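**Student:** Here it is, the structure in full.
Please treat every number below as a calculation from the coordinates, not as lab data. Predicted, not measured: the structure shown is a model, and the values here were computed from it. Positions of Cβ are generated from backbone atoms using ideal geometry, with glycine treated the same way; all protein chains shown enter the neighbour counts.
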Amino acid sequence: MQRYSSVAIALHWLIAILIVGTFTLGLVMTDIPGLTPTKLRYFSWHKWAGVTVLALAALRLLWRLRSRPPAYPAHMPTWQRHAAHSLHGLLYVLMFAVPLSGYFYSLAAGVPVVYFGLFPLPVLIEADAALKPTLGALHYWLNMLLAALVAAHVLAAFKHLLLDRDGVMQRMLPFSTNKEFR
Amino acid sequence: MTPLRALLAAVFAAPLFAAAAAYAAPLKTDLAKSSVSATFKQMNVPVEAKFKTFTAQIDYDAAKPEASKAAVDIGTASMDLGDAEYNREVAKKEWFNTAQFPKATFVSTSIKPAGAGKLNVAGKLTIKGKTADVAFPLTVKADGKQQVFEGQLPIKRLAFNIGEGEWKDTSMVADEVVIKFRVTAGQ
């Protein structure tokens, strides 16, 4: 079965690792009570990682537009193709929406993002105490939606690996060990 | 002078005396058009915190600027970082210790003219019980009947014990803090 291009595979896994890490850090840092240097450090790291996801998502979208992914296997029922396609589309939307909502949440809180503590990123909106809780809630719920969709994505991949045994999951694995699917 | 004339003279002269007295009295601060804030860098991110409560007394006569005096009182518990939880944290002992030191004060010791619309101010700044001599340039602009005094003063937070213990790490919160102020005052 035809594999994804190595660029698509690299971006998929890089973004996957960053999303899991940034999401976990987000939960950990918001659980730290009060104000500690560790908490502030985690907030900065979280924002840098989020901006990195956004940049990689933009690259990935460009790549996706100019390089078609391999076709679904012929045996897949139409509803599954639609489901897979919709899920992938939503994941693309959230790869942008989650970091952007966090970025604007930070701006509304009056804290601009300085990438790696070196590069000040554009301050697109003024600090806004009224908007801040709305953007905070939006960022949280978009993340919960992302977590649910990622769970569905992973379950579907394992369904292909263990139940269908159709090589769909192997197309995206970084190192193809199984010659059958090369 | 008849009693009537004396009375009339007193009535007409009273505003003159009042005006003369007003010159010696401090200007009235227009708090709605005044602000005091502190800008610090947290992991290189500039963050501005406003002080919601402060009073400013400025005694300024454009004709005699060297006779001017200024005093500012800032309520340390009124610092607003835009987050209620953080505001409670900076009121604690390792930051402003607002229970023991509710006010930060500035009192001028000398004000000297430094060209059109500019003054050089020196004075004593007291934060968290520590007093330091500070000097900074100040600009004065007339705005209708009011005067607008604007300036900024960079200080080192650790000189005033702002941020004790683990917060002494300046890679986290930089030592330099810029206090920005704008005081609008008039007769």
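**Student:** Return the average number of partner chain Cβ atoms within 10 angstrom of each residue Cβ along peptide B:133-145. If you can, show how the numbers build up before the last one.
**Tutor:** Working: counts 0, 0, 0, 0, 0, 0, 0, 0, 0, 0, 0, 0, 0.
That works out to 0 on average.
**Student:** Under a crude label model (7 Å from the Cα following the beta-carbon direction), how far is B:THR39 from A:ARG165 in nanometres?
**Tutor:** 6.6
**Student:** I need to check one value: relative contact order of chain B, counting alpha carbon pairs closer than 8 Å and at least 6 residues apart, in percent. Before the final figure, lay out each step's value.
**Tutor:** Working: 377 pairs, mean separation 43.0, N = 187.
Relative contact order here is 23 percent.
**Student:** Across the residues of B:44-50, average count of Cβ atoms on other protein chains within 10 Å? Working shown, then result.
**Tutor:** On the way: counts 8, 11, 6, 5, 3, 1, 1.
What the average comes to for B:44-50 is 5.
**Student:** Projected onto the charge dipole of region A:6-181 (+1 at Lys/Arg Cβ, -1 at Asp/Glu Cβ, origin at the Cα centre), which of A:LEU87, A:PRO73, A:ALA130 gives the Cα projection farthest towards the positive end?
**Tutor:** Going by the charge dipole, the pick is A:PRO73.
**Student:** Same structure again: Using the Cα centre as the reference, give the magnitude of the dipole from point charges on the C-beta atoms of region A:29-182 (Lys, Arg: +1; Asp, Glu: -1; all else neutral), rounded to the nearest 20 debye. Could the numbers behind the result be given before it?
**Tutor:** Working: 14 positive and 6 negative charges, 110 e Å.
In total the dipole reaches around 540 debye.
**Student:** If you place +1 on the Cβ of every Lys and Arg and -1 on the Cβ of every Asp and Glu, how big does the dipole about the Cα centre of the protein assembly as shown come out, in debye to the nearest 20? Could you put the intermediate results ahead of the total?
**Tutor:** Working: 39 positive and 25 negative charges, 131 e Å.
Dipole about the Cα centre, nearest 20: 620 debye.
**Student:** Taking the number of other C-beta atoms within 10 Å as the exposure measure, put A:MET1, B:MET43 in order starting with the fewest.
**Tutor:** On the way: A:MET1 13, B:MET43 20.
Neighbour counts put them in this order, fewest first: A:MET1, B:MET43.
**Student:** As an exercise, use a Förster radius of 35 Å and the Cβ-Cβ distance of A:LEU25 and B:LYS180 to find the FRET efficiency, rounded to the nearest 0.05. Kindly include the intermediate steps, with their values, before the conclusion.
**Tutor:** Values: r = 33 Å, r/R0 = 0.95.
Once the sixth-power term is evaluated, E becomes 0.60.
**Student:** Peptides A:20-27, A:115-122, A:74-81: what's the order by average Cβ count within 10 Å, highest mean first?
**Tutor:** Details: A:20-27: 15.8, A:115-122: 12.0, A:74-81: 10.4.
Top to bottom by mean Cβ count within 10 Å: A:20-27, A:115-122, A:74-81.
**Student:** Here's a follow-up. Once you average over the residues of B:161-169, how many Cβ atoms of partner chains fall within 10 Å of each Cβ? Walk me through the intermediate numbers first.
**Tutor:** Values: counts 0, 0, 1, 0, 1, 3, 4, 1, 1.
Per-residue shielding by partner chains comes out at 1.
**Student:** Further question on the same structure: Using only Cα atoms, tell me the angle between helix A:6-31 and the longest principal axis of chain A; keep it within 0 to 90° and round to the nearest 10.
**Tutor:** 40
**Student:** Take the Cα of A:LEU14, step 7 Å along the line toward its Cβ, and report every residue of region A:53-97 whose backbone nitrogen sits under 15 Å from that point.
**Tutor:** A:53-64
**Student:** Give the angle, between 0 and 90 degrees and rounded to the nearest 10, that separates the Cα long axis of helix A:78-108 from the longest principal axis of the Cα atoms of chain A.
**Tutor:** 20
**Student:** What angle do you read, to the nearest 10 degrees and between 0 and 90, between the alpha-carbon axis of helix A:132-158 and the longest principal axis of chain A?
**Tutor:** 20
**Student:** Using Cα pairs under 8 angstrom and six or more residues apart, how large is the relative contact order of region B:65-130, in percent? Write out the running numbers ahead of the final one.
**Tutor:** On the way: 99 pairs, mean separation 23.5, N = 66.
36 percent.
**Student:** So if R0 is 22 Å, what FRET efficiency would A:PHE175 and A:LEU59 give, r being the distance between their Cβ atoms, rounded to the nearest 0.05? Spell out each step's value before the answer.
**Tutor:** Details: r = 22 Å, r/R0 = 0.99.
It comes to 0.50.
**Student:** Taking only the C-alpha atoms, wrap a convex hull around region A:6-181 and report its volume per residue in Å³ as a whole number. Don't jump to the answer; show the numbers that get you there.
**Tutor:** On the way: hull volume 25.3 nm³, N = 176.
So the per-residue hull volume is 144 Å³.
**Student:** Also, quick follow-up: Note down the magnitude of the dipole of region B:65-187 about its Cα centre, charges +1 on Lys and Arg C-beta and -1 on Asp and Glu C-beta and zero elsewhere, to the nearest 20 debye.
**Tutor:** On the way: 17 positive and 15 negative charges, 109 e Å.
Taking the Cα centre of region B:65-187 as origin, the dipole is about 520 debye.
**Student:** Only Cα pairs under 8 Å and at least 6 apart count here; give the relative contact order of region A:6-181 as a rounded whole percent.
**Tutor:** Numbers: 138 pairs, mean separation 37.8, N = 176.
Answer for region A:6-181 is 21 percent.
**Student:** Of the listed peptides B:72-85, A:161-174, what is their order by residue-averaged count of other C-beta atoms within 10 Å, with the highest listed first? If you can, show how the numbers build up before the last one.
**Tutor:** Working: B:72-85: 17.9, A:161-174: 15.0.
Final packing ranking: B:72-85, A:161-174.
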